[in-house]
Amino acid sequence: MKKCIDLAHSKNIKVYVTANIYAHNDDLADAREYFKSLNDIKPDAVLISDIGLISIAKEIFKGINIHLSTQANTTNYETVKFFRNIGIKRVVLARELSLDEIKKIKDEVKDTIEIEAFVHGAMCISYSGRCLLSAFMTGRSANAGECTHPCRWKYMLLEEEERKGEYMPIVETERGTYIFNSKDLNMIEHIDKLIEAGIDSLKIEGRMKTALYIATVARTYRKAIDDYYKDKKIYYDNIPKYKEEIAKCTYREFTTGFYFGKPNEETQIYDNNTYVVGATYYGTVERVDKDFAYFEQKNKFSVGDYLVVMKPDFSNVKTKVIEMYDEITGNKIYSCPHSKQKLKVKFDKVVEEFDILRSDD
């Protein structure tokens, strides 16, 4: 983590660490030691939801901001004011708020505390991460960051019928249903409304996502925000391009969540839990030496194929695979069918460290 923080800070990027469990007594001693280690490596902020852990963090942290996690399920301005008054720098609001409710909170607190809101990613069937299904059904707790996403599973609904004086369970439908399965949140078409509401920071859900997903979504929202501030017309004209880029990710169908009213049956996906598959992720360039890029392969490609190089400035450069070697054996190869192969690849265009390689689908 220290290496990541140092790298990010060298590029003027802030790092926030989540420590947002609801702690039991047995967690407190370990939490105190963990906070001491964080204080040494200096992330820019730590996201916490438990008031007891906030108290410990305030004792220990020097020069590290505390942000209130969305796990705290903050839904009103009086709660925001309370956390402001005990020294919290930023509150990440619950996903279950409308845009009008967020505006009201911002109007009440003005600029005395920062407000962050989710704008993209998976929606939770429970109040933002407070679901007990995973812990009950698999022993893996969402509270500890180990959710198995049972909201995406298929369920059969049962009812009881009286037969011969006894109540017997019967299946309502043999096919089953994905009754808890929500569409993904996507607010790329509403950046103007989010900014005008006074939201200070837009949060993109990225837990257990690929580098391609994170880079694509974060880059697209960054571009949309910059375009809006440059010229609103540029933003509105580019909306189709933003949507096209977002579609390069693997995603579920999209919804605007609670922003414009309570969700209904149109925001759920009852008949399946499959993803829409966008572009194929080939890898992230780890280093460049002369004419060759070195990286770990994520999906198969071959010499002669065209790959797309994603750049931070929102440009996509199409490049051809000229030559390829297995980095471990040194053997020249013409395709890389085995996942996680370490590759040495020559392209017809210059690539740089940290460039992300994908298909042009």
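The values are calculated or read from the model by the stated rules, or taken from the named source; none is laboratory data. What you see is a predicted model; the values in this text were computed from it and never measured. Quick reminder, even Gly has a Cβ in these numbers, built from the backbone with ideal geometry, and neighbours come from all protein chains shown.
F314 falls short on exactly one of the conditions (1) in contact with a strand residue (DSSP E or B) (Cβ under 8 Å, 6 or more places away or on another chain); (2) aromatic (F, W, Y); (3) not assigned by TED's automatic domain parsing to the domain that holds T75, and that condition is (1). Only a single item in (1) buried (at least 20 other Cβ atoms within 10 Å of the Cβ); (2) over 25 Å from I115 (Cα atoms) is not met by M187, and it is number (2). There is no residue in the range 195-205 that is out of contact with any strand residue (DSSP E or B) (no Cβ under 8 Å at 6 or more places or on another chain), at pLDDT 90 or above and either more than 20 Å from V92 (Cβ to Cβ) or part of a strand (DSSP E or B) (or both). Could you say whether any residue in the range 21-37 is touching a residue at least 40 places away in the same chain (Cβ under 8 Å) and in contact with a strand residue (DSSP E or B) (Cβ under 7 Å, 6 or more places away or on another chain)? There is no residue in the range 21-37 that is touching a residue at least 40 places away in the same chain (Cβ under 8 Å) and in contact with a strand residue (DSSP E or B) (Cβ under 7 Å, 6 or more places away or on another chain).
I'm told F82 meets every condition in (1) closer than 25 Å to I179 by Cβ; (2) assigned to a helix (DSSP H, G or I); (3) assigned by TED's automatic domain parsing to the domain that holds I188 except one. Can you identify the failing condition by its number? Condition not satisfied by F82: (1).
For the range 318-348, taking the residues that are surrounded by 11 or more Cβ atoms within 10 Å (Cβ to Cβ) and basic (K, R), the one that is farthest from the chain's Cα centre (by Cα) is identified as K332. Is it true that some residue in the range 23-45 is part of a loop (DSSP other than H, G, I, E, B), at pLDDT 95 or above, out of contact with any helix residue (DSSP H, G or I) (no Cβ under 8 Å at 6 or more places or on another chain) and not β-branched (V, I, T)? The answer is yes; a qualifying residue exists.
The single condition among (1) of a type outside the set (D, E, K, R); (2) part of a loop (DSSP other than H, G, I, E, B); (3) not assigned by TED's automatic domain parsing to the domain that holds D192 that T112 does not satisfy is (3).
Checked against (1) under 24 Å from the mean Cα position of the chain (by Cα); (2) at pLDDT below 70, E172 meets all criteria but (1). Among the criteria (1) among the hydrophobic types (A, V, I, L, M, F, W, C); (2) at pLDDT 95 or above; (3) farther than 22 Å from I195 by Cβ, the one V80 does not fulfil is (3).
Any residue at all in the range 232-240 that's assigned by TED's automatic domain parsing to the domain that holds H67, closer than 25 Å to D360 by Cα, hydrophobic (A, V, I, L, M, F, W, C) and without any contact (Cβ under 8 Å) to a residue 12 or more places away in the chain? Talk me through it step by step, then tell me what you get.
The initial filter retains those residues of the range 232-240 that are assigned by TED's automatic domain parsing to the domain that holds H67, namely 232-240.
Going one step further and asking which of them are closer than 25 Å to D360 by Cα, we end up with 234-240.
Filter once more, keeping what is hydrophobic (A, V, I, L, M, F, W, C): 234, 239.
From the residues that got through so far, the ones that are without any contact (Cβ under 8 Å) to a residue 12 or more places away in the chain too are 234.
Checking the range 232-240: at least one residue is assigned by TED's automatic domain parsing to the domain that holds H67, closer than 25 Å to D360 by Cα, hydrophobic (A, V, I, L, M, F, W, C) and without any contact (Cβ under 8 Å) to a residue 12 or more places away in the chain.
Take the residues in the range 239-252 that are buried (at least 19 other Cβ atoms within 10 Å of the Cβ) and in contact with an Asp or Glu (Cβ under 9 Å, 6 or more places away or on another chain); name whichever of them is nearest to L194 (Cα to Cα). Only one residue tops the list, namely Y242.
Applying the criterion of at least 2 residues that are surrounded by 13 or more Cβ atoms within 10 Å (Cβ to Cβ) to the strands (runs of 3 or more DSSP E) found wholly in the range 253-305 leaves 281-284, 292-296. For K110, are the conditions met, namely being touching a strand residue (DSSP E or B) at 6+ places or on another chain (Cβ under 6 Å), over 26 Å from W153 (Cβ atoms) and charged (D, E, K, R)? No, not satisfied. Among the residues of the range 54-64, those identified as surrounded by 18 or more Cβ atoms within 10 Å (Cβ to Cβ) and within 20 Å of E114 (Cβ to Cβ) are I54, A57, F61, I64.
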